[in-house]
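*Asks:* Pasting in a structure now, in structure tokens, and then I'll have a few things to ask.
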Amino acid sequence: MSLLHVQDPDVVITHPNRDTAAAKGTRAFVIVVLLASAALLAVILVGSQGARAGAFLLQVLIGLLFVYFAYAVSHWRSGVLPIAAGVAITSGIFAAVSVPSWFDRGGDGYKTPPIPESVLGVLVLAFAILQIVNVVVCLRGFAQNWQVELEVPKSEFRGDPATA
């Protein structure tokens with residue numbers, strides 16, 4: 001008994017939940033939010049150079065994960081959406097906790113970052129808020145069931161077989 005499933009040449013596999021305008025719009029919005037998160041994180045990393053007290057590699061890893069998630073979502077991989085939401089929750093919590101410390105850095109003994117501390121505080125707050133949006137849109141995309149496949153006979157298939 002073989003576990004390998006051989007596709008019938010007279011059948012086309014379609015993804016009906018990817019064809020709706022809502023799914024395409026959600027996918028585009030998820031990609032934009034993920035890339036915006038990575039870009040904002042990069043600005044915060046560069047802007048806080050020399051004044052940050054650790055977690056540099058973790059922040060770089062989170063930024064790279066956001067870029068990878070955007071790439072995967074651009075190829076309709078809905079399985080990464082809950083993972084992206086989890087990473088957004090975690091990074092959003094870290095960001096929200098660190099916001100007050102950027103506004104309290106006015107005394108002696110602190111290194112001055114390339115971007116003023118108050119601006120960094122606003123950027124970190126914006127990043128934390130963006131992660132809330134990130135969670136919502138990722139879970140919205142996951143609820144749209146992009147992974148659903150239907151087998152349609154070639155005689156009934158209307159469309160380009162290359163896009164099925």
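The values are calculated or read from the model by the stated rules, or taken from the named source; none is laboratory data. The structure presented is a predicted model; accordingly, all values stated were derived computationally and were not measured. As a convention, Cβ positions derive from the backbone with ideal geometry for all residues, glycine included, and neighbour counts pool all protein chains shown. To get the accessible areas, we keep the full protein, side chains included, count just its heavy atoms, and leave off ligands, DNA and RNA. Shrake-Rupley method; radii C 1.70, N 1.55, O 1.52, S 1.80 Å.
*Asks:* Sort out which residues of segment 43-94 are over 13 Å from the mean Cα position of the chain (by Cα) and open to solvent by less than 10 Å² (accessible area, probe 1.4 Å), and write them in order of number.
*Replies:* Scanning segment 43-94 gives G47, S48.
*Asks:* Ok, one more. Six or more apart or on different chains, Cβ atoms under 8 Å: show the pairs whose first residue is in segment 21-36 and farther than 10 Å from R140 by Cβ and open to solvent by less than 50 Å² (accessible area, probe 1.4 Å) and whose second is among the hydroxyl-bearing types (S, T, Y) and part of a helix (DSSP H, G or I).
*Replies:* Note: pairs meeting the criteria are I31/S74.
*Asks:* Quick check: anything in segment 140-151 of a type in the set (A, V, I, L, M) and surrounded by 13 or more Cβ atoms within 10 Å (Cβ to Cβ)? Lay out the reasoning, then the answer.
*Replies:* Here is the first cut: in segment 140-151, the residues of a type in the set (A, V, I, L, M) are 143, 148, 150.
From what is left, the residues that are surrounded by 13 or more Cβ atoms within 10 Å (Cβ to Cβ) are none.
No, there is no match, as no residue in segment 140-151 is of a type in the set (A, V, I, L, M) and surrounded by 13 or more Cβ atoms within 10 Å (Cβ to Cβ).
*Asks:* Any idea how many residues of segment 107-124 are open to solvent by 80 Å² or more (accessible area, probe 1.4 Å) and without any contact (Cβ under 8 Å) to a residue 60 or more places away in the chain?
*Replies:* So the count comes out to 4.
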